[in-house]
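The values are calculated or read from the model by the stated rules, or taken from the named source; none is laboratory data. Since this is a predicted model, take the numbers as computed values, not measurements. We place every Cβ from the backbone using ideal geometry, glycine too, and count neighbours over all the protein chains shown.
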Amino acid sequence: MHSPIRSEHWLDTNGNPAGGVTFGNGFAISWQNGPLGRHTIDCVPEHAQQLQGRWLCAPGCTRIPPNGAFVEDLIEAVRKRLEFYQTSKFHGEENRIALEHLACAAGVLDSRTKSREARAVEGTHAK
């Protein structure tokens, strides 16, 4: 069963994704608005200090805390729900196949992130 879903997706003045919202029966998503900034190997939460909304933990690191959801977050949420179904009387082949497809989608997005990290453009609007 599908319920109606309403979405608004926004662009900044340069035509870059700038957040948005998606609503459906029982959920409301506020999408990440803007890039998070560059992340260096030393910029990890246990070494971070927050100053005016930015994580400052290594020279050149200007990581901003997320202000919204990422597609990867929603894939993980759906995956966990289907895994829950698989432990109940509602387990089944369709759920197993859906879980495989979600794992594939998550893997592709993770590969994209790793590629962006390797090219030092992760956390920016650079392609």
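Worth a mention:
- Answer residue from the range 75-120, given it is among the hydroxyl-bearing types (Ser, Thr, Tyr) and within 19 Å of the chain's Cα centre (by Cα) and is nearest to Pro35 (Cα to Cα) among those: Thr113
- Figure legend. Inter-residue proximity from the range 94-113: first residues assigned by TED's automatic domain parsing to the domain that holds Ala77 and among the polar types (S, T, N, Q), second residues part of a helix (DSSP H, G or I) and modelled with pLDDT of 95 or more, beta-carbon distance below 6 Å, spacing 6+ or different chains. Indicated pairs: Asn95/Leu82; Asn95/Tyr85; Asn95/Gln86.
- Considering the range 1-89, the qualifying strands (runs of 3 or more DSSP E), each wholly inside and each with 1 or more residues that are at pLDDT 95 or above and under 27 Å from Ala103 (Cα atoms), run over 6-11, 17-24, 27-31.
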